[in-house]
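We did not get these values from a lab; they are worked out from the coordinates using the rules stated. All values derive from a computational prediction rather than experimental measurement. We place every Cβ from the backbone using ideal geometry, glycine too, and count neighbours over all the protein chains shown.
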Amino acid sequence: MLRTLLISTLLLVPAAEAAQVYVCKDDAGRTLYSQTPCPQQYSDRSVKNVEIEPGLSFEDSQAKRAAAAQSVSENNDRISLERMISKASETIERLTRERDALITEKQGLAASLGGPNAAQRGKAIIDDLNASLQDYQNRINQQIQMQTDGSARLESLNSDR
């Protein structure tokens, strides 16, 4: 009798569902929410248990889970875009330094030329420098385009909040 009463009580009381969410913060203060443990580069790591309210219909529960998943996905997209923009900036700076060092090197080489074939060697240096500069400019332009596209997508995500 007592056993039957206990079983029927357990069947009638809706159990709260729980899920674990990993909250990861990096040194810049950005937060990543994940269903899996935090990657190594995150210094602040914690786990939150999220309970689904008892008594919710299956559809309401699914809607809450979908909204939470969407929020986590958008946050991860923001972090990914911020990283991409930052990496593009770093790459532009590196390429600019390399390009400037190449110009200085080639200018010094051209200035040191002498002898009967100096004009031809100088032209070869200038032609090589121009080809290299065009390659650097193309690579810099690609990074600028990545920054522009990433910033536009990030702005779009932030305006949808």
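Using θ = phi - 60° and the Karplus curve 6.51 cos²θ - 1.76 cosθ + 1.60, what whole-Hz ³J(HN,Hα) does each residue of segment 134-141 get, with Gly and Pro shown as x?
5, 5, 4, 5, 4, 5, 5, 4
How large is ³J(HN,Hα), in whole Hz, for each residue of segment 34-45 in order, when computed from phi with the Karplus curve 6.51 cos²θ - 1.76 cosθ + 1.60 and θ = phi - 60°, using x for Gly and Pro?
8, 8, 10, x, 5, x, 4, 5, 8, 7, 10, 10
Under 25 Å Cα-Cα from residue 123, which lysines qualify once same-chain neighbours fewer than 8 residues away are excluded?
106
Could you tally the net charge around residue 42, taking each other residue with its Cβ under 11 Å from the Cβ of residue 42, Lys/Arg +1 and Asp/Glu -1? List each step's numbers first, then the result.
Numbers: positive: 25, 30, 45; negative: 26, 27, 44.
It works out to a net charge of 0.
How high is the FRET efficiency between residue 60 and residue 149 when r is their beta carbon distance and R₀ equals 30 Å, given to the nearest 0.05? Let's see the in-between values first.
Numbers: r = 38 Å, r/R0 = 1.25.
E(calc), rounded to 0.05, equals 0.20.
So which lysines pass the test for residue 48, namely a Cα distance under 29 Å, with those fewer than 8 places away in the same chain ruled out?
The reachable lysines, counting only those whose Cα sits under 29 Å from residue 48, are 25, 64.
Counting only residues 5 or more places away or on other chains, whose amide H sits under 5 Å from the amide H of residue 30 once H atoms are built in the peptide plane?
Residues meeting the amide H criterion: none.
For segment 68-79, just list the computed ³J(HN,Hα) in residue order, Karplus coefficients 6.51, -1.76 and 1.60, θ = phi - 60°, integers in Hz, with x standing in for Gly and Pro.
5, 5, 4, 4, 5, 4, 5, 5, 5, 4, 4, 4
Run the numbers for residue 126 and residue 68: contour at 0.36 nm per residue of separation, minus the present Cα-Cα distance, in nm. Mind dumping the intermediate values first?
Values: separation 58, 0.36 × 58 = 20.88 nm, distance 5.85 nm.
Here the answer is 15.0 nm.
Given axes a ≥ b ≥ c from the Cα gyration tensor, I'd like to know whether segment 74-161 is rounded (a/c under 1.5), prolate (a/b larger than b/c) or oblate. Show your work: numbers first, answer last.
Values: a/c = 6.97, a/b = 4.15, b/c = 1.68.
Since a/c reaches 1.5 and a/b is larger than b/c, the shape of segment 74-161 is classed as prolate.
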